[in-house]
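One structure is given below, encoded as structure tokens.
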Amino acid sequence: MKNNSKYLALVTKKFNDFFLVDLKNQENSGNSEKFLCRVKKSISFKDQLIFVGDEVAIEKIDFKSKCAVITSLKKRKNLLVRPSVANISNIYVTFSVEEPELNLSQVNRFLISAESMGVEVSLVLTKCDLISDKRRLYFLDKFEKWGYQAITLNLQKSDCFENLLAELMKKECSIFMGPSGVGKTTLLNMIIPGLKNSTSPVSNKIKRGKNTTRNVELFSISNQSYIVDTPGFNMQPQEVDIKLLPNLYSEIYKQVIEEGIKCKFRNCLHLLDEGCNLNKSFERYPFYKEMIESSKSHYYQNQED
């Protein structure tokens, strides 16, 4: 039986020319129905691709065969390039404290890349059972100064995970972002019953995890809440516009916006700029300078190309 009404749906999986979408049935306590869809041939999205996480309108719904046709694409809030997923509401930057050892410069780059998307950003530290409680408290204090209340996970203790799960179930669409080998797949296997993604130990030679996950897919974890199952490889932080960088560091933002410090020039990058009044004594300042210089090099290289 076909229904010609138009419904709003969420793309949860993409493969070849087909899309798996969730249709929300508000009259059924938020339970979703899944439909296999193709895009209507007679329409054009102006060369815009459809990604997992996109909201679409679907028509010609066949409730028996669970098939439908996508007729329009709704305006998206944001798009993560790699892996490609749209409309993220929360990013959980995830790193292990050991195996592989925590790299603070890398943590900083992931955090700033996540902040550039304009969503809520959290920091998750895994494998805390491998360090002492004193070391764990040291990291909590460090990242608090960076502006983050880090979530520390010892998966040997269920209450740590249960608190995180309760938080995720209140979010709209969350994603774990971080390098390979930090435990993202293990977390997803715990969050999504029956997922059973394969995991792989950290390579002794290169000290990072082997690639295990392949497909990008959304999974419902509560009414209106989704988690993204992402490829666990090559999840590198994205390049950030040099003009945005000062506002993405909480230590700089707090001085400029909350404390009202003023530099001589409005577009001051807070390096050796004339008339810069920023207090540069915070821990992440060397990382900030490194990102500014890297962004400058990237900009000039693109100009030459």
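Against the list (1) buried (at least 16 other Cβ atoms within 10 Å of the Cβ); (2) outside any strand (DSSP E or B); (3) in the same structural domain as F19 (by TED's automatic domain parsing), the condition L49 fails is (1). For region 54-70, the tally of residues that are in a loop (DSSP other than H, G, I, E, B) and either in contact with a Lys or Arg (Cβ under 6 Å, 6 or more places away or on another chain) or not aromatic (F, W, Y) (or both) stands at 4.
For L111, the test of being over 17 Å from E217 (Cβ atoms) and at pLDDT 95 or above is passed.
Of the residues that make up region 71-83, is at least one closer than 30 Å to K157 by Cα and not in a loop (DSSP other than H, G, I, E, B)? Looking through region 71-83, none of the residues is closer than 30 Å to K157 by Cα and not in a loop (DSSP other than H, G, I, E, B).
Could you say whether any residue in region 187-206 is in a loop (DSSP other than H, G, I, E, B), among the basic types (K, R), modelled with pLDDT under 90 and within 27 Å of Q156 (Cα to Cα)? Yes, some residue in region 187-206 is in a loop (DSSP other than H, G, I, E, B), among the basic types (K, R), modelled with pLDDT under 90 and within 27 Å of Q156 (Cα to Cα).
Do we have any residue at all in region 273-292 that's modelled with pLDDT of 80 or more and in contact with a Ser or Thr (Cβ under 8 Å, 6 or more places away or on another chain)? There is at least one residue in region 273-292 that is modelled with pLDDT of 80 or more and in contact with a Ser or Thr (Cβ under 8 Å, 6 or more places away or on another chain).
With respect to being touching a Lys or Arg at 6+ places or on another chain (Cβ under 6 Å), in the same structural domain as S225 (by TED's automatic domain parsing) and not in a strand (DSSP E or B), G118 falls outside the description.
This table checks each residue for (1) aromatic (F, W, Y); (2) assigned by TED's automatic domain parsing to the domain that holds S294; (3) closer than 30 Å to K14 by Cβ; (4) modelled with pLDDT of 95 or more.
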| position | (1), (2), (3), (4) |
| --- | --- |
| K60 | no, no, yes, no |
| F63 | yes, no, yes, no |
| N90 | no, no, yes, yes |
| E101 | no, no, no, no |
| L104 | no, no, no, yes |
| D133 | no, no, no, no |
| K142 | no, no, no, yes |
| L155 | no, no, no, no |
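Can K210 be described as modelled with pLDDT under 90, surrounded by fewer than 16 Cβ atoms within 10 Å (Cβ to Cβ), charged (D, E, K, R) and over 26 Å from L140 (Cα atoms)? Criteria met by K210. Scanning region 53-89 for residues that are of a type outside the set (G, A, S), surrounded by fewer than 20 Cβ atoms within 10 Å (Cβ to Cβ) and within 30 Å of R284 (Cβ to Cβ) yields K77, N78, L79, V81, R82.
Anything in region 84-98 that is in a strand (DSSP E or B) and under 25 Å from R38 (Cβ atoms)? List them, or say none. Once the filter is applied, which keeps residues that are in a strand (DSSP E or B) and under 25 Å from R38 (Cβ atoms), region 84-98 yields V85, A86.
Look at (1) at pLDDT below 90; (2) part of a loop (DSSP other than H, G, I, E, B); (3) surrounded by 12 or more Cβ atoms within 10 Å (Cβ to Cβ) and you find that E33 fails only one, number (2).
Within region 130-148, the residues that satisfy the criterion of being exposed (fewer than 15 other Cβ atoms within 10 Å of the Cβ), in contact (Cβ under 8 Å) with a residue 24 or more places away in the chain and over 13 Å from R284 (Cβ atoms) are L130, R135. Annotation note: of V182, V240, the sole residue that is under 25 Å from L165 (Cα atoms), part of a loop (DSSP other than H, G, I, E, B), under 18 Å from the mean Cα position of the chain (by Cα) and at pLDDT 70 or above is V182.
The values are calculated or read from the model by the stated rules, or taken from the named source; none is laboratory data. Treat the numbers as computed from the prediction; the structure is a model and nothing was measured. Here the Cβ is made from the backbone with ideal geometry for all residues, glycine too, and neighbour counts use every protein chain on show.
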